[in-house]
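A.B. asks: Mind looking over this structure? Questions follow.
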Amino acid sequence: MQILVAGGAGFIGSHLARRLARDGHDVVVVDNLITGSARNVELLCEFPNIRFVRHDITEPLSQKLGDFDMIMDMACPASPVDFSSKAIEILRVCSVGVQNLLELAKKNNAVFLQSSTSECYGDPLVNPQPETYWGNVNPIGIRSCYDEGKRFAEALVTAYHRKYRVRTRIARIFNTYGPDMRLDDGRVVSNFICQALKGEPLSVYGDGGQTRSFCYVDDLVEGLIRLAGSDFSEPVNLGNPQEIPVRQLAEEVIEFTGSSSRVQFLPLPKDDPKVRRPDISLAGKILNWRPEVDRIAGIKKTIPYFRKMLGLLNE
Ligand code: UDP
């Protein structure tokens, strides 16, 4: 197939593009590199069947990019540290950007997959979260650019499905980690591993009692590919339901890195969800998908990447 991956220089997008290329597809990656990395682009360029085009999808996409059987939208800054400095860019990419891709999908009669998020559930009042839960979102809070942007995108994607019969798919992605994350990504897994490797205190926000459920990136990519190949147009949760308090993650990272770092408690950011855990029974039923890599194995696979990157910085 000819596949367009928007945001393919980002963390999940670059893993997805490489997997598609390894599966034998011709892949065009577009990314404006607002958060995507030059290193990820270098990794993409090692594949003869991946073409990288630097482009901001809030601008119309050129016909010259080619004809596509499938369009996968992974484009959007997604780390909470980006929510204050890149709020407008996030709202634009989730609205104008998604519509530009949907128009292209309509013209090409292509399958369109939107990467949505567990943030659609906001600070959830039910745990675990099934797709039928409508969420608890602060529309003007610090996270609202992302939460409401992604909720708007789901509405837009669904409208194109209803009105134009575009074959749309919506993946609600939960916390994902693995090699090729940005070192300064600001998220909990990258922060903790880098801090532990540098012997710095691990920055636990609040009392660390808030929970998350962490999915290894290869599992997530497998779920995305299965969802794209299905005919299911409603949202599907993709994530690992192993839920832990953030403080426990800090202790595990200290143990697996063999670090002498300690934990440091810092103020909890506003609107930080207190719990998060995917109900993945729908993905199990319609995609026969469930994560294979448990957190301990996944973190142990991830630490060497950060060790190598920090080592390169020090050279
Ligand atoms: N967190 C933390 N220390 C950090 C970064 C994050 O304790 O250095 C917490 C954060 O407050 C949240 C959880 O870890 O409760 C996950 O944060 P992340 O930014 O990775 O993603 P989120 O799930 O909030 O989108």
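The values are calculated or read from the model by the stated rules, or taken from the named source; none is laboratory data. Computed from a prediction, not measured in an experiment: that's the story for all the values here. Quick reminder, even Gly has a Cβ in these numbers, built from the backbone with ideal geometry, and neighbours come from all protein chains shown. Side chains included, ligands, DNA and RNA excluded: accessible areas come from the protein's heavy atoms. Shrake-Rupley method; radii C 1.70, N 1.55, O 1.52, S 1.80 Å.
A.B. asks: Write out, first by first residue and then by second, each pair whose Cβ atoms fall under 7 Å of each other, whose residues are 6+ apart or on separate chains, and whose first residue, in region 252-271, is more than 14 Å from the ligand (Cβ to nearest atom) while the second is open to solvent by 100 Å² or more (accessible area, probe 1.4 Å).
C.D. replies: Phe256/Lys300
A.B. asks: Can you confirm whether Gly122 is closer than 19 Å to Ala6 by Cα, of a type outside the set (Asp, Glu) and touching a strand residue (DSSP E or B) at 6+ places or on another chain (Cβ under 9 Å)? Show your work before the answer.
C.D. replies: Numbers: closer than 19 Å to Ala6 by Cα: no; of a type outside the set (Asp, Glu): yes; touching a strand residue (DSSP E or B) at 6+ places or on another chain (Cβ under 9 Å): yes.
No; evaluated as a whole, the condition is false for this residue.
A.B. asks: Separate question: May I ask you to list pairs of residues, at least six apart or on different chains, whose Cβ atoms are under 6 Å apart, with the first in region 167-195 being under 19 Å from Leu16 (Cα atoms) and of a type in the set (Asp, Glu) and the second being within 11 Å of the ligand (Cβ to nearest atom) and open to solvent by less than 10 Å² (accessible area, probe 1.4 Å)?
C.D. replies: Between residues of region 167-195 that are under 19 Å from Leu16 (Cα atoms) and of a type in the set (Asp, Glu) and residues that are within 11 Å of the ligand (Cβ to nearest atom) and open to solvent by less than 10 Å² (accessible area, probe 1.4 Å), the close pairs are Asp185/Ser79.
A.B. asks: Could you list, in sequence order, all residues of region 214-224 that are over 14 Å from Arg187 (Cβ atoms) and either open to solvent by 40 Å² or more (accessible area, probe 1.4 Å) or in a strand (DSSP E or B) (or both)?
C.D. replies: Within region 214-224, Tyr216, Asp218, Glu222 qualify.
A.B. asks: While we're here: Within the group Leu33, Leu65, which residue is open to solvent by 10 Å² or more (accessible area, probe 1.4 Å), of a type outside the set (Asp, Glu), more than 20 Å from Ile173 (Cα to Cα) and in contact (Cβ under 8 Å) with a residue 60 or more places away in the chain?
C.D. replies: So the residue among Leu33, Leu65 that is open to solvent by 10 Å² or more (accessible area, probe 1.4 Å), of a type outside the set (Asp, Glu), more than 20 Å from Ile173 (Cα to Cα) and in contact (Cβ under 8 Å) with a residue 60 or more places away in the chain is Leu65.
For every residue, the table says whether it meets (1) open to solvent by less than 30 Å² (accessible area, probe 1.4 Å); (2) in contact with a Ser or Thr (Cβ under 7 Å, 6 or more places away or on another chain); (3) more than 10 Å from the ligand (Cβ to nearest atom).
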position	(1), (2), (3)
Pro128	no, no, yes
Glu131	no, no, yes
Trp134	no, no, yes
Ile142	no, yes, yes
Cys145	yes, no, yes
Ala153	yes, yes, yes
Asp185	yes, yes, no
Gly206	yes, no, no
Gly209	no, no, no
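A.B. asks: Can you name every residue in region 157-183 that is open to solvent by 30 Å² or more (accessible area, probe 1.4 Å) and more than 16 Å from Gly13 (Cα to Cα)?
C.D. replies: Result: Thr158, Ala159, His161, Arg162, Lys163, Tyr164, Arg165, Arg167, Leu183.
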